[in-house]
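Visitor: Pasting in a structure now, in structure tokens, and then I'll have a few things to ask.
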Amino acid sequence: MAAFPDINKIKFEGPESDNPLAFRFYDESEIVEGKTMKDQLRFSVAYWHTMRGSGEDPFGAGTMVRPWEGPLDDVPNAINRVKVAFEFMEKLGAPLFCFHDRDIAPEGASLAETNKNLDQVVRAIKGEMQRTGIRLLWGTANLFSNPRYVHGAATSCNADSFAYAAAQVKKALEVTMELGGEGYVFWGGREGYQTLWNTDMKRELDHLGTFMRMAVDYAEEIGFTGPFYFEPKPREPTKHQYDFDAAACINFLRAYGLEKYVKLNIETNHATLAGHTVEHELEYAGHQGFLGSVDANTGDLLLGWDTDQFPTDIYLTTKIMLAFLKYGGIAPGGVNFDAKVRRESFEPIDLFYAHIGGMDTFARGLQLAAKIRAEGVLQRMIEERYSSWESGVGTEIEGGCHDFKTLEKYMLEKGDVDPCTSGRQELFENVVNRYVM
């Protein structure tokens, strides 16, 4: 029996459409910078929020109406949930999905039973993937929910917690490979500390480096060739997480010799929690060759936590798509809707409204970013601002022709710098407004 019997396949109807169950901007076949929108955006549904979100918060019980859920979170219920998930994704037209191992299958009384549960659900997922053609963008392991990870997983003070996490990631990697997953994500939900009084930071970071190296080595052993992703997040639930932001993650990867194997999975709401913007994080990762994939969401400016809201700001998605296009596209990563409907949006149809809005917002951002790049106004303004580096001493410095002594001689002869030009921030912002408004 269909879970969404009254909803047909979501279609593109164009900007003039007022149908809430249709795309206004996301035309998957539209060509943008040599690729279809489908291939440029690579939309992915997050199993954890879309299929497992309950609407529960610290002040109240769950509110979500999910008729397909049974009274027990057992394997039969999980298999039924798989059918619902793929019906949703098929009708939405999302080509990809992501999951944590505990999203798709319940834990058992032992690791062996847990793995058996996972295998049963994976068989159901594989069948639905074959039926629909929907693919797995990446998999990951939930190393933060169970109390065994109260002190972290790879960075735990308890060696058994480290060992259990290793076994869990081993299985998650095998499942990701079995399902044809295009990548694997490390998200250190509790890899950090609350107080340095009880923390040996160096030891914990060494253990985290060892853990990720074990994963890379095992992937090579089993023939998994997809990229690994490291997802920055500065806090919540821990006070200070080791994967604080893109800069911290890249530094960690280089320090532990992992830079050849691991890129970054950037999230908008995590960037803001770190005191950055998502475009800052994308640019920082991109220019150093670490831009891998994106969790697409946003936060609330009045709330200081990870609210994981669906993106509806076209300025935001235009900035994101400018970064994607600048660095050659997001593949083999994707735009993963790590976003949840609001607690007050509890009916099943709200899942469609939320994803349609997010997909349209990104599609419009892609169109605008491509137009900005094609017309080149912003790029020419930036080039003009840095024009002193295009000749004379600027070219010589970038060419490695100077040191402190020669530059001192140059300035002694010249006397002072040429007058600086205005940064014209307001003009730059006005130019962007011409496209977006």
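Visitor: Under the condition of being closer than 27 Å to N297 by Cβ and of a type in the set (D, E, K, R), which residue from the stretch 208-258 is most open to solvent (accessible area, probe 1.4 Å)?
Guide: Once the filter is applied, the top-ranked residue is K239.
Visitor: Quick check: anything in the stretch 243-255 in contact with a Ser or Thr (Cβ under 9 Å, 6 or more places away or on another chain) and either assigned to a helix (DSSP H, G or I) or closer than 21 Å to G152 by Cα (or both)?
Guide: Of all residues in the stretch 243-255, those in contact with a Ser or Thr (Cβ under 9 Å, 6 or more places away or on another chain) come to none.
The answer is no, given that none of the residues of the stretch 243-255 is in contact with a Ser or Thr (Cβ under 9 Å, 6 or more places away or on another chain) and either assigned to a helix (DSSP H, G or I) or closer than 21 Å to G152 by Cα (or both).
Visitor: Does S110 meet the test of being closer than 19 Å to K171 by Cα, within 24 Å of the chain's Cα centre (by Cα), small (G, A, S) and exposed (fewer than 15 other Cβ atoms within 10 Å of the Cβ)?
Guide: no
Visitor: Among the residues of the stretch 175-195, is any surrounded by 15 or more Cβ atoms within 10 Å (Cβ to Cβ), in a loop (DSSP other than H, G, I, E, B) and either among the polar types (S, T, N, Q) or without any contact (Cβ under 8 Å) to a residue 40 or more places away in the chain (or both)?
Guide: No.
Visitor: In addition: Conditions first: (1) closer than 20 Å to G34 by Cα; (2) buried (at least 17 other Cβ atoms within 10 Å of the Cβ); (3) in contact with a Leu (Cβ under 7 Å, 6 or more places away or on another chain). H355 passes all but one, so which condition is the exception?
Guide: (1)
Visitor: Any idea which residue in the stretch 273-298 is farthest from W138 (Cα to Cα), counting only those that are part of a loop (DSSP other than H, G, I, E, B) and open to solvent by less than 40 Å² (accessible area, probe 1.4 Å)?
Guide: Only one residue fits best here, namely A274.
Visitor: Just to be sure before I move on: is G376 over 28 Å from T225 (Cα atoms) and of a type in the set (G, A, S) in the structure I sent? First the steps, then the outcome.
Guide: Details: over 28 Å from T225 (Cα atoms): yes; of a type in the set (G, A, S): yes.
Criteria met by G376.
Visitor: Evaluate the stretch 375-389: report whether one residue or more is at pLDDT 95 or above, outside any helix (DSSP H, G or I) and not aromatic (F, W, Y). Walk me through it before giving the result.
Guide: Of all residues in the stretch 375-389, those at pLDDT 95 or above come to 375-389.
Of the ones still in play, those that are also outside any helix (DSSP H, G or I) are 376, 386.
Now restrict to residues that are not aromatic (F, W, Y): 376.
Yes: the stretch 375-389 contains one or more residues that are at pLDDT 95 or above, outside any helix (DSSP H, G or I) and not aromatic (F, W, Y).
The values are calculated or read from the model by the stated rules, or taken from the named source; none is laboratory data. As the structure is a computational prediction, the values presented were derived from the model and not from experiment. Backbone-built Cβ (ideal geometry, glycine too); neighbour counts: all protein chains shown. These accessible areas exclude ligands, DNA and RNA; they are computed on the full protein's heavy atoms, side chains included. Shrake-Rupley method; radii C 1.70, N 1.55, O 1.52, S 1.80 Å.
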